[in-house]
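In what follows, a single structure is set out as structure tokens and then discussed.
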Amino acid sequence: MLVGVCDFPSKYTFPPAGYGGIERWLWAAAEGARAAGADVHLLGPGWRSDLGENWTIRPVRFEGLRPGDRQTRELVGSKYDLVVVGHEYPSVPAWRRTWDVLDCDIATFQHSPTFQHTPDAFDGTRSRLYCYSPEMTARYRTHSPAQELAVHLGLGEVEPPAVPGRDLVWLGRIDQQKAPHLAVRAAQLLGRRISIVGPVFDRGYLQRHAALFAAEHVTLTGELGGSAKTSAFSRAATYVYTCARDYVEAGAAVFGESLRTGTPVAAIGWRDGTCADAALCSNTGAIARVAPEDDDEVAARQLAGAIERCLTLNAADVQEIGLQRFDPERHFRVLAADS
């Protein structure tokens, strides 16, 4: 099988050094395809130049090509079986024009809860859309999505054997939608230290909760990538997942990243059918069920209870399940379907 994995215009490289969910998913798809025995071409100029000689990189983007030109003829001549792409492109006419002449399958994962696809973007057979959670699957039901857990990988993020961790960690972009202040308050209630890892996307949000983030039990680590990011997960006793009441999580890389290191996840759940429900079980984490009308203090107390339940879980068991549940080869075989 010959598989093409497409980049797209992004401020992050492929794979990114730290933050960048879709970019990390595309890299996991490429790694998974190779593990499954497929030949892989990395398509586009955004792929990093330090990936090694074993990777074939073709710096072309479908949307910049025209039927019949030299690069299009070369792509057609390659006879791709499957192309994996970011979720927007099956609805982009210029991208589809090139795909139409390739006569291959396409697969993508929905990483945005708001993007509107064209009615004919997916047929569920030759063009396939995958969604993480029951919530996301229902949201895109007119496009015949299949439910599947996304796997995200970065360079240098090989997980060490699981060991019991210390303290707590939260990782993501720091803004109102991700609501890390709830994790900070839950840690405070438990008398535990917490590391907040990730880029600041909203300094106004940080200022509104300045008293919490400046507390002695909090360490603002900044953005991490590679082995430093993996270490931040593996050193922790529990990863704490939070989001705002109205936020719909689409891709949820952090669940797999944490479980693969053996760190259980304590997650807030404002409703049923979220990514936390899809990713976790009683052996890998706990979900704090909170009504949207409850205030932040109630939410933090419920989250603290979920953290306490996670502290009883066995790190080695969590890792074993995580490595199976978020295995890139297994994930690719799902994406490939009958390609």
Tell me the relative contact order for region 1-79 as a rounded percent, counting alpha carbon contacts under 8 Å between residues six or more apart.
31
So for region 21-95, what percent of the C-alpha to C-alpha distances run longer than 17 Å?
49
Mean residue ellipticity (222 nm) of the chain, computed from DSSP H runs ≥ 4 via -39,500 (n - 2.57), nearest 500:
-10000 deg cm²/dmol
The answer for G285, listing residues at least 5 apart or on another chain whose modeled amide H is closer than 5 Å to its amide H, is V265
Per-peptide average of other Cβ atoms within 10 Å, ordering 282-291, 209-218, 261-270, 48-57 highest first
261-270, 282-291, 209-218, 48-57
Under the rule a/c < 1.5 gives rounded, and otherwise a/b versus b/c splits prolate from oblate, where does region 188-277 land using the Cα gyration tensor?
rounded
K178: which aspartates and glutamates have alpha carbons under 13 Å from its alpha carbon, excluding same-chain residues fewer than 8 sequence positions away?
D202, D246, E249
Order of 159-165, 20-26 by packing, highest average Cβ count within 10 Å first?
20-26, 159-165
For the F115, R235 Cβ pair and Förster radius 35 Å, calculated FRET efficiency rounded to 0.05 is 0.50
Residue of R97, R166, R70 that the Gaussian network model of the chain assigns the largest fluctuation, springs spanning Cα pairs under 10 Å:
R70
What does the C-alpha gyration tensor say about the overall shape of region 48-89? Classify as rounded when a/c is under 1.5, otherwise prolate if a/b is larger than b/c, or oblate.
prolate
Suppose we look only past 19 Å in the calculated P(r) of region 168-323. What percent of the Cα-Cα pairs does that tail hold?
48
Classify the chain as rounded, prolate or oblate, taking a ≥ b ≥ c as the square roots of the eigenvalues of its Cα gyration tensor: rounded when a/c is under 1.5, otherwise prolate if a/b is larger than b/c and oblate if not.
prolate
Between the helical axis of 93-102 and the dominant principal axis of the chain, each derived from Cα atoms, what acute angle in degrees is found, rounded to the nearest 10?
60
Simple spin-label estimate for S49 and T219 in nanometres, 7 Å along Cα-Cβ:
3.5
Relative contact order %, region 249-302, counting alpha carbon pairs below 8 Å whose residues are six or more apart
33
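Each value in this text was obtained by applying a stated rule to the coordinates, not by laboratory testing. Predicted, not measured: the structure shown is a model, and the values here were computed from it. So basically every Cβ, Gly included, is an ideal-geometry build from the backbone, and we count neighbours across all protein chains shown.
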